[in-house]
Amino acid sequence: MVIIGHVDAGKSTTTGHLVYKLGGLNEREMEKLKKEAEAAGKGSFAYAWMFDKLKEERARGITINIALQKFKTPTYDITVIDAPGHRDFIKNMITGTSQADCAILVVSSSPNEFEAGIADNGQTFEHLRLAYTLGIKELIVAVNKMDNIKWKKERFDEIVDTVKRKAKSFGYAPESIAIVPVSGFADHNMTTKYDGAEAAWYKGWEKTNPKDKTKKITGTTLIDAIDTLAVPERPINKPLRIPIQDVYKISGIGTVPAGRVEAGTLKPGMNVVFAPAGVSSEVKAVEMHHESVPQATAGDNVGFNVKNLAQKDIKRGYVCGDVKQDPPQGCISFDAQVIIMNHSGVIMPGYSPVVDCHTAHIACMFEDINRTVAKNKESKTDTNTAAVRSNDVALITLKPSKPMVVEAFTEYPPLGRFAVRDSNKTVAIGVIKAVTKGEAAAAGKAGAAKGAKPAKGKK
């Protein structure tokens, strides 16, 4: 589960408090965090510091890198990923979201904070769009800081209407989303229903049953909503695929790549390969949340120790697979159906934005553009066209600027969908139809201006 939303929405505090309430952190560790936060003059950040451990994160009061914790609900064992909300660290948010099955979108109800999140430079709806693009179909919305607005029903209703409309435009069914008013700091509606007089109007949330759309599910708290999420099917019988999120060098242990098993099974003793570099090794041990396990299967977030490889040999964005069973490879190019959503000009061959696919963030050149469906009224429906613009749907051949691993969506969905980003905005989303595998050649430098012309009347 990934926690997403605009900076200062209270994501880390809400998540940290929830993890603490559900036994993910003991009293002694929590007291230590509280003392550290108070000593720094940031007592209200204690729960957030469970995730925000970097010196810069604590100094600035924002999340920079993703952080993982685990907790148990009455129904599930949850690995929660706290994602950064600041636009400068959107790559880390995408990396975290690509490893999740479901998401909680946290929005602030405080005056001006919700509005800042949905403004042009805000990240509330940018995160929501990216979550859907990266395969997150199960969503909860937590309307946070309700204590700051004294639980005003009118404000809550206004936020609910706005979020539902936008979620629908991205592809979510609003009736399937549990929207819960909470205070992550004050512990309102987190694990037990808040019974304050100012919240007497709140009777609970309602959504459709994911297993039977004709039936409704109801609840009152955030934990109730989490326990109604549907568990996706796991492709445990497919060949191994692990997009690498990070690589650690641990004293006395060695090199430890970490990531989420997207397909297959990982066991100690397996011979694995890391593409696109093509370096191989034997797996010495597999761990989940710092505990050794006999195996990890699709859906698990793991770290695994490998023999005879240095930290520099493996990078974020590489993909680990079984040497003996359909090992992953780098690609020369790939064909994808791309929806242009938010570009102010005309896109032509040579355009080289950043493509975010699983944990990889690599500039890719639009080599050939073949529009198959034209939604834009100004564009004609034809083939072998040289240009597309917002609302066009095109079949495009993309060429990575450096070695990259992707797969056809039909074979490995998490490695077959991507977002296209330019100037800190998502300008397109795509689904990979076919991959030409082999060693990639340089496709030229990335640049928003290359291959793109401004819209009329704009510079």
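Quick notes on this one:
- Matching residues in the range 77-109 - criterion: being among the hydroxyl-bearing types (S, T, Y) and either modelled with pLDDT under 90 or open to solvent by 10 Å² or more (accessible area, probe 1.4 Å) (or both): T79, T95, T97, S98
- Test: residue in the range 129-137 that is touching a Gly at 6+ places or on another chain (Cβ under 9 Å) and within 26 Å of Y47 (Cα to Cα): no
- Residue match in the range 129-140 (condition: at pLDDT 95 or above and open to solvent by less than 40 Å² (accessible area, probe 1.4 Å)): yes
- Positions within the range 166-204 being in contact (Cβ under 8 Å) with a residue 12 or more places away in the chain and of a type in the set (A, V, I, L, M), in sequence order: A167, A173, I177, A178, I179, V180, V182, A186, M190, A199
- Filtered by the rule that a residue be over 20 Å from V80 (Cβ atoms), of a type in the set (S, T, N, Q) and surrounded by 15 or more Cβ atoms within 10 Å (Cβ to Cβ), the range 191-246 gives T208, T220.
- Residue that is farthest from V19 (Cα to Cα) [pool: residues in the range 143-171 that are in a loop (DSSP other than H, G, I, E, B) and open to solvent by 10 Å² or more (accessible area, probe 1.4 Å)]: G171
- Test: residue in the range 123-138 that is part of a strand (DSSP E or B) and not acidic (D, E): no
- Applying the criterion of being assigned to a loop (DSSP other than H, G, I, E, B) and of a type in the set (K, R) to the residues of the range 392-447, the residue that is modelled with the lowest pLDDT is K445.
- Candidate set: the range 406-425, residues that are open to solvent by less than 20 Å² (accessible area, probe 1.4 Å) and aromatic (F, W, Y); chosen: the one nearest to C364 (Cα to Cα): F418
- Unmet criterion (only one of (1) under 30 Å from A428 (Cα atoms); (2) in a helix (DSSP H, G or I)) for L229: (2)
- Within the range 8-36, residues that are open to solvent by 40 Å² or more (accessible area, probe 1.4 Å) have Cβ atoms under 6 Å from residues that are part of a helix (DSSP H, G or I) in these pairs: Y20/M30, counting only partners at least 6 apart in sequence or on another chain.
The values are calculated or read from the model by the stated rules, or taken from the named source; none is laboratory data. What you see is a predicted model; the values in this text were computed from it and never measured. A quick note on method: Cβ atoms are made from the backbone with ideal geometry, for glycine too, and the neighbour counts reach across all protein chains shown. Just so you know, the surface numbers come from the protein's heavy atoms only, side chains and all, with ligands and any DNA or RNA stripped out. Shrake-Rupley method; radii C 1.70, N 1.55, O 1.52, S 1.80 Å.
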